[in-house]
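Asker: Here it is, the structure, as structure tokens.
What follows draws every value from the coordinates through simple rules; no lab data is involved. Remember, it's a predicted structure, so these values are computed and weren't measured experimentally. Using ideal geometry, Cβ is built from the backbone for each residue, glycine included, and neighbour counts are taken over all protein chains shown.
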Amino acid sequence: SGAMRERVRIAIQKSGRLAEPARALLSSCGLSWRESRDRLFCHGDSTPIDLLLVRDDDIPGLLAEGTCDLGIVGRNVLLERASGYGTGEVPPFREWRGLGFGACRLALAVPQAWSDSQAAALDGLRIATSYPALVSQWLKERGIAADVVTLSGSVEIAPRLGTADLICDIVSSGATLAANQLRATDIVLDSEAVLAGPVAPFGDARAEIAGLFLRRLDAVLGLRDSKLLMFQTDSANVPALMALLPDAERPTVMQVDGTDRVALQAVCRGTVTWQRLEDLKRAGADALLVLPVERMLA
Ligand code: ATP
Ligand code: MG
């Protein structure tokens with residue numbers, strides 16, 4: 001699909017939940033763009049990677065027709081489109097990487113008044129959803145004969161309107177469900193924003209450009225929760241403190257001149273919570289500093 005090209009085109013959401021974090025992620029990979037007047041197409045400045053700003057629903061189609069080479073989209077949207085391909089047909093796109101933002105779940109939700117046994121017996125019931133392909137597949141895998149009612153919006157009011165008995169919709173906090181007297185039961189899909197790309201490798205200059213971008217992306221994603229931790233302590237405390245830092249890489253221990261004190265610095269891969277800092281403090285760490293890690297070349 002697509003003619004030979006010397007530049008890579010990435011589609012991201014123009015506005016909405018994924019728009020800002022997607023841009024921020026691409027920027028942290030060293031990409032920058034010249035803003036265009038219509039703000040739909042942004043020419044890549046620092047790298048031959050251009051941006052196309054679109055509705056998230058359009059991204060799988062743009063990938064399928066080869067208008068775009070890569071896209072940042074919710075796994076829910078990507079897989080719904082992939083499930084829509086018939087048996088024997090292979091979607092031309094797939095998930096390349098999970099990106100760690102835009103987390104949500106596609107879940108069944110039933111009226112709060114239903115008992116658990118009622119919620120477990122779905123045969124013959126009507127399920128309203130904007131994700132008919134994913135829900136149908138989920139039902140089929142479990143041998144449940146429920147009817148899928150496709151709605152493009154306001155899915156959560158369908159049970160009150162009587163157009164469906166229950167729903168399957170995107171849930172993050174559950175507040176919208178509660179406001180509509182619904183409660184989530186089964187999770188159909190765990191979702192987050194993903195980088196989507198073609199199944200077939202690029203046969204031209206795009207292969208190298210995409211490869212460079214992926215290496216940077218992997219470095220950025222790998223560093224995301226990393227912190228540089230610095231503190232001082234008595235030498236005797238070092239073993240106990242190191243035991244509290246199983247995720248620390250290559251800690252540096254420096255003698256503080258003329259004392260038995262040491263200064264210690266280490267990159268931690270896991271989240272550094274207040275709890276962890278308090279545990280370190282109790283084990284003898286003083287002057288604790290936690291710093292973000294901007295770049296690292298191993
Ligand atoms: P567009 O105008 O681009 O079609 P949209 O209204 O369809 O936008 P958003 O509401 O911005 O899309 O959601 C984009 C994606 O964000 C969803 O597909 C989903 O992957 C993710 N997401 C995370 N949390 C939520 C949530 N609470 N509700 C809906 N989507 C969420
Ligand atoms: Mg949309």
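Asker: Straight-line reach from K227: which lysines fall under 28 Å, measuring Cα to Cα and dropping same-chain residues less than 8 apart?
Answerer: Counting by Cα, and skipping residues close in sequence, K227 has these lysines nearby: K281.
Asker: Where does the range 202-298 land on Rg/Rh, using Cα atoms and the Kirkwood Rh?
Answerer: 1.17
Asker: So, one more: With the contact rule set at Cα under 8 Å and sequence spacing of 6 or more, what percent relative contact order holds for the chain?
Answerer: 18
Asker: To continue, here is another question. Mean separation of Cα pairs under 8 Å and 6+ residues apart, divided by the residue count of the range 227-292: what relative contact order is that in percent?
Answerer: The value is 52 percent.
Asker: For the chain, return all DSSP H helices satisfying: extent of Cα atoms along own axis at least 18 Å; mean Kyte-Doolittle hydropathy at least -1.0.
Answerer: For the chain, where a helix must reach 18 Å along its axis and average at least -1.0, the hits are 206-223.
Asker: Could I ask something else about it? Specify the residue with the greatest mean-square fluctuation among K227, K14, K281, computed from a Gaussian network of the chain linking alpha-carbon atoms under 10 Å apart.
Answerer: Looking only at K227, K14, K281, the largest GNM fluctuation is found for K281.
Asker: Sticking with this one: Using amide H atoms built 1.01 Å from N in the peptide plane, name the residues 5+ places from D147, or on other chains, whose amide H lies under 5 Å from its own.
Answerer: Excluding prolines and chain starts, which carry no amide H, the hits are G124, L125, R126, I127.
Asker: Related question: Please check: in the Gaussian network model of the chain (C-alpha springs, under 10 Å), which one of R276, R55, R183 has the largest mean-square fluctuation.
Answerer: Per the Cα network of the chain with a 10 Å cutoff, R276 tops the list.
Asker: To the nearest 0.05, how large is the calculated FRET efficiency for R94 and R215 if R₀ is 25 Å and r is the Cβ-Cβ distance?
Answerer: According to the calculation, E is roughly 0.85.
Asker: Principal axes first, then extents: for the Cα atoms of the chain, list largest minus smallest coordinate on each axis, whole Å, largest first.
Answerer: 79, 57, 38
Asker: Over the range 104-191, calculate the relative contact order: mean separation of alpha carbon pairs under 8 Å at least 6 apart, over the residue count, as a percent.
Answerer: Averaging sequence separation for qualifying contacts and normalising by length gives 49 percent for the range 104-191.
Asker: Taking one equal scatterer on every alpha-carbon of the range 7-46, how large is log10 of I(q)/I(0) by Debye at q = 0.20, 0.22 1/Å?
Answerer: -0.61, -0.75
Asker: Using only the C-alpha atoms of the range 104-191, find the volume of their convex hull and express it per residue in Å³.
Answerer: 85
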